[in-house]
Amino acid sequence: MASGAQLRPGYYSETCPKAEFIVRDVMKKALLREPRSVASVMRFQFHDCFVEGCDASMLLDDTPNMLGEKLALANINSLRSYEVVDEAKEAVEKACPGVVSCADILIMAARDAVALTGGPDWQVKLGRLDSLTASQELSNEIMPSPRSNASYLIDLFQKYNLSIKDLVALSGSHSIGQGRCFSIMFRLYNQSGTGKADPAIEPCFREKLYKLCPVSVDQNVTGNLDATPRIFDNQYFKDLVSGRGFLNSDQTLFTFAQTRPFVKKFSEDQKGFFEAFVEGMIKMGDLLSGKPGEIRRNCRVANRRPVEKLSES
């Protein structure tokens, strides 16, 4: 994985000076239309950057000769609001055709999702290219499931030079948005094959989850990821401390010795959480594959090109 040495703030200051304002405007409208959509868009950065770097590969639709990442195990029925990115791209293309990559739009939109819901705001580094292909197989191999425990997550993040502190701070992205019953059925009814609920779930919260997700539920029913799902704050960490984490991969951060100190710190220090979150997002945004790329005209499809030109791109 290459580092983001060529990325810099203000990358489009001459070629498309309004790019960041345009994307933020689209995100503001999306927030008013459907608050959950901005949380969904924020998660795109994580799902994109961990699979061959931040190159918008996850936005490519399947083609007859390529299985894209949208139907990968961690994404299918889970990632949503792709149309918000389409809107942002369309608006940016109107202002500056062929200049701003979809990969950069994802990075801007993730930052905007946080800033518009009460979280920190920061300068993003830009200058990424869009991938020419995507890989469902790689996404399946890499992306963690909601069942993941902290030691698995620590190892995964380490592969990308992201520390335990980065892991815990970035998990705080679950401060906004919702998760599906599908992701917690095993936690409620058969944790570790016991036929019982995860003992880490606080009893009153467990009853609430049983009501939300009974055995016969449509597993696409959603519940809040923390007690303030429309506000980006440190409530997520307070919930973990009190045993009210929605996903196993969240609650495990408090039950596991190496991650617990950071959960406790962030539950008591929102400013410290915000600073660590921004640092983690910037580090994650620096992940690049180093492969050839392009500026897609439409985020869902690679640009058409004559066959003989492929080797030159």
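The values are calculated or read from the model by the stated rules, or taken from the named source; none is laboratory data. In this text the structure is predicted, and so the values were computed from the model without any measurement. As a convention, Cβ positions derive from the backbone with ideal geometry for all residues, glycine included, and neighbour counts pool all protein chains shown. With ligands, DNA and RNA removed, areas are computed over all heavy atoms of the protein, side chains included. Shrake-Rupley method; radii C 1.70, N 1.55, O 1.52, S 1.80 Å.
Of all the residues in region 238-264, those that are in contact with a helix residue (DSSP H, G or I) (Cβ under 6 Å, 6 or more places away or on another chain) and farther than 22 Å from R180 by Cβ number 8.
Sub-9 Å Cβ pairs linking a first residue in region 156-172 that is touching a residue at least 12 places away in the same chain (Cβ under 8 Å) to a second residue that is assigned to a helix (DSSP H, G or I) and hydroxyl-bearing (S, T, Y), at least 6 apart or interchain, are S171/Y236; S171/S249; G172/Y236, ordered by first then second residue. Taking the condition over 14 Å from the mean Cα position of the chain (by Cα) and hydroxyl-bearing (S, T, Y), does S139 pass? Criteria not met by S139. Listed by position, the helices (runs of 4 or more DSSP H) enclosed by region 165-252 that each have at least 2 residues that are farther than 23 Å from M143 by Cβ and not aliphatic (A, V, I, L, M) are 203-212, 235-241.
Of all the listed residues (S289, S242), the sole one being more than 25 Å from L106 (Cα to Cα), polar (S, T, N, Q) and either modelled with pLDDT of 95 or more or touching a strand residue (DSSP E or B) at 6+ places or on another chain (Cβ under 9 Å) (or both) is S242.
For region 137-164, the set of residues classified as open to solvent by less than 50 Å² (accessible area, probe 1.4 Å) and more than 24 Å from I282 (Cβ to Cβ) consists of P146, S151, listed by residue number. A residue that is modelled with pLDDT of 95 or more, touching a strand residue (DSSP E or B) at 6+ places or on another chain (Cβ under 8 Å), within 18 Å of I282 (Cβ to Cβ) and of a type in the set (A, V, I, L, M) cannot be found anywhere in region 22-31. Of the residues screened, Q178 is one that is within 15 Å of the chain's Cα centre (by Cα), open to solvent by 40 Å² or more (accessible area, probe 1.4 Å) and not aliphatic (A, V, I, L, M).
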